[in-house]
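Shown next, in structure tokens, is the structure this report addresses.
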């Protein structure tokens with residue numbers, strides 16, 4: 001008895017391949033239609049598709065610049081200024097938020113009732129408040145109520161606060177830049193505080209008892225025994241927060 005091969009359309013593998021091919025063709029067709037519509041609309045508006053506009057005059061000002069920039073400069077220089085500003089916020093924010101987050105995370109484990117609860121209140125408020133609302137708070141309720149430039153308030157003779165922003169020796173941060181930096185610092189610092197607290201709490205209780213039995217004071221115990229071991233748990237989620 002001879003076995004006859006079934007028709008190809010009755011083979012499920014044929015339909016799997018056919019469906020995939022049809023899906024790819026439809027995707028290409030949709031992209032092609034959208035691309036033609038885009039080109040047609042740009043031609044009707046008299047706009048050329050490409051990056052030639054980068055050499056055109058930007059015609060707008062940027063409040064915070066670390067390089068020489070004026071409105072008559074090109075778009076590409078404006079983008080470069082924006083990139084530098086973004087890197088400045090990121091680097092300064094990572095440094096400050098690490099300090100704030102580690103301090104709050106360690107403080108939440110203190111035996112001191114006041115210190116512990118201040119840390120818990122800070123984390124609870126800043127973690128559960130939208131970032132945009134916090135930025136509005138820093139700008140309208142903090143920097144805009146600072147004294148005017150002629151009556152600026154100074155701290156330790158090094159930091160000056162006014163409606164002009166934060167003045168440091170050799171640097172002046174505008175209210176907008178300071179708002180962004182402080183908002184991101186305290187918002188992300190609350191998440192880092194929980195990461196630090198969780199990493200420390202993940203260690204076995206015996207590590208604390210062993211350090212105390214050796215006569216280490218709580219500060220030395222945290223710095224020499226507990227925190228170094230907790231880093232293996234802290235670093236992976238901390239990296240994700242740095243990306244934020």
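Numbers for the structure displayed
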quantity: Residue within the range 103-112 that is exposed (fewer than 12 other Cβ atoms within 10 Å of the Cβ) and closer than 30 Å to residue 191 by Cα present; calculated: yes
quantity: Matching residues in the range 216-244 - criterion: being surrounded by fewer than 16 Cβ atoms within 10 Å (Cβ to Cβ), without any contact (Cβ under 8 Å) to a residue 12 or more places away in the chain and not in a helix (DSSP H, G or I); calculated: 217
quantity: Long-range neighbours under 7 Å by Cβ, at least six apart or interchain, first residue without any contact (Cβ under 8 Å) to a residue 12 or more places away in the chain within the range 24-50, second part of a helix (DSSP H, G or I); calculated: 49/39; 49/42
quantity: Any hit, the range 81-104, residues being part of a helix (DSSP H, G or I), more than 30 Å from residue 234 (Cα to Cα) and without any contact (Cβ under 8 Å) to a residue 24 or more places away in the chain; calculated: yes
quantity: Residue count for the range 24-57, restricted to those that are over 30 Å from residue 78 (Cβ atoms) and in contact with a helix residue (DSSP H, G or I) (Cβ under 8 Å, 6 or more places away or on another chain); calculated: 0
quantity: Tally of residues being free of Cβ contacts under 8 Å to residues at least 40 places away in the same chain and within 16 Å of residue 88 (Cα to Cα) across the range 55-67; calculated: 4
quantity: Enumerated strands (runs of 3 or more DSSP E) restricted to the range 125-215, each holding at least 3 residues that are in the same structural domain as residue 89 (by TED's automatic domain parsing) and more than 27 Å from the chain's Cα centre (by Cα); calculated: 153-155
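The values are calculated or read from the model by the stated rules, or taken from the named source; none is laboratory data. All of these numbers come straight from a predicted model, not from anything done at the bench. Here the Cβ is made from the backbone with ideal geometry for all residues, glycine too, and neighbour counts use every protein chain on show.
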